[in-house]
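As structure tokens, the structure follows; a few thoughts come after it.
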Amino acid sequence: MGGPMGTLVIDIGNTRLAWRLREPSGVVSGGSASHAAIADALSSLPLVEAIAISSVQRSHEGELQQWIEATHQPPPIWIRSGADLPSTVKTDEPHHTGADRALCAFAWGCADEQGPAIIIDAGTAVTVDAVNPSGQLLGGWIAPGWSALQRGLQQAAPALPQMSEEQSEEASVPWSGETSRAIRGGIESMFVEGVLGLRRRVESELGNDATTVITGGDADRLLSALQPARSQPDMVLDGLERILESGTHG
């Protein structure tokens with residue numbers, strides 16, 4: 001065996017896979033890829049000392065496991081649901097609580113922050129979760145994300161034109177006279193205002209001192225509207241790294 005090796009964390013999301021490689025020197029690299037490109041995405045990664053994987057898509061775990069075995073990587077720590085982090089997840093059904101939600105809460109609890117948090121993960125689904133100061137996930141809300149709202153409308157009303165790629169009019173404009181822009185403005189308003197409403201519901205119990213943390217691929221669509229809030233990209237990967245550092249699992 002050679003010198004020190006790094007660590008690798010992988011998040012198998014609903015539509016994409018993301019990873020972060022941390023070398024012994026402290027150099028960090030990472031990336032993301034569609035599920036169809038998993039093999040190509042991982043082909044250049046080196047042998048590491050430890051791996052932790054979060055999965056909300058069981059159908060793609062087999063391909064990842066084949067890569068691990070073929071490249072002689074160490075057996076990974078798998079986080080598939082909140083049941084794998086029982087000290088963190090205090091929902092009614094931890095085994096039905098997504099690994100991504102559990103890991104975001106775990107990351108908050110490991111960050112030495114003071115006070116509770118409202119963690120908003122804006123991906124295929126958007127989750128708005130209540131987390132206490134100890135990093136325990138108490139519960140939350142789940143709604144369609146930006147892309148799910150767009151696809152849902154297209155599937156339900158295929159005769160509608162494609163949504164405009166341009167930014168919608170300012171919120172002060174009472175309506176749009178052009179259909180594709182009206183679609184975009186409607187989806188934007190439903191997405192942002194819906195998340196704002198869910199945050200208010202969580203905040204009513206956690207208190208106004210709760211910190212809003214936004215993560216996920218569509219976080220930028222929410223950040224300006226949800227101020228005061230902080231952006232923490234790839235919070236799921238942060239949680240996986242904390243698991244490798246602390247040895248906390250199960």
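Every number in this text was worked out from the coordinates using simple rules, so none of it is lab data. Predicted, not measured: the structure shown is a model, and the values here were computed from it. Note that each Cβ is placed from the backbone with ideal geometry, even for glycine, and that neighbours are counted across all protein chains shown.
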- Between segment 112-169 and segment 23-38, what's the alpha-carbon centroid distance in Å? 24 Å
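About its Cα centre, how strong a charge dipole does the chain have in debye, to the nearest 20, once Lys and Arg get +1 and Asp and Glu get -1 at the Cβ?
The dipole of the chain has a size of about 280 debye.
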- Under 5 Å from the placed amide H of Gly30, counting only residues 5+ away or on other chains, we find Leu21
- Message: As I understand it, the value is the acute angle between the Cα axis of helix 99-109 and the longest principal axis of the Cα atoms of the chain; what does it come to in degrees, rounded to 10?
- Response: 80 degrees
- Largest first and to the nearest Å, give the Cα extent of segment 120-234 along each principal axis. 49, 29, 24
- Counting sequence-distant residues (5 or more places) and residues on other chains, those with an amide H built under 5 Å from that of Val89 are Leu137
- Residue-count net charge about Ile142 - beta-carbon cut-off 12 Å; Lys, Arg +1, Asp, Glu -1: -2
- Query: Residue by residue through segment 193-209, which ³J(HN,Hα) values in whole Hz follow from phi under the Karplus form 6.51 cos²θ - 1.76 cosθ + 1.60 (θ = phi - 60°), with glycine and proline marked x?
  - Reply: 5, x, 5, 4, x, 5, 4, 4, 5, 5, 5, 4, 9, 6, x, 5, 7
- Note on the structure: Given all pairs of distinct Cα atoms, segment 118-180 yields a Kirkwood Rh in Å of 14.5 Å
- Task: Starting from the Cα of Gln227, step 7 Å along the direction of its Cβ; do the same at Gln57; then give the gap between the two resulting points in nm.
- Result: 3.4 nm
- Between Rg and the Kirkwood Rh of segment 7-79, both from Cα atoms, what is the Rg to Rh ratio? 0.92
- Taking H placed 1.01 Å from N in the peptide plane, check which residues at least 5 places from Thr211 or on another chain put their amide H under 5 Å from its amide H. Ala117, Ile118
- Global form of segment 44-142, assessed from the alpha-carbon gyration tensor, a/c cut-off 1.5: prolate
- Taking the Cβ-Cβ separation of Ala83 and Ser25 as r and a Förster radius of 41 Å, what is the calculated FRET efficiency to the nearest 0.05? 0.70
- Return the sequence-ordered ³J(HN,Hα) values of segment 174-186 in whole Hz as given by the Karplus equation 6.51 cos²θ - 1.76 cosθ + 1.60 applied to θ = phi - 60°, using x for Gly and Pro. x, 6, 10, x, 10, 4, 5, 6, 5, 5, 4, x, x
- Projected onto the charge dipole of the chain (unit charges on the beta-carbon of Lys, Arg, Asp and Glu, signs +1, +1, -1, -1), the Cα from Ile183, Ala122, Ala157 with the largest positive-side position is that of Ala157
- Gain in span if fully extended, His35 to Ala156, counting 0.36 nm per residue against the direct Cα distance: 41.0 nm
- the chain - share of DSSP beta bridges that are antiparallel (%, nearest 5): 60 percent
- Task: Can you pull a Stokes-Einstein diffusion coefficient for the chain at 25 °C (0.890 mPa s), Rh from Kirkwood over Cα pairs, as a whole number of µm²/s?
- Result: 127 µm²/s
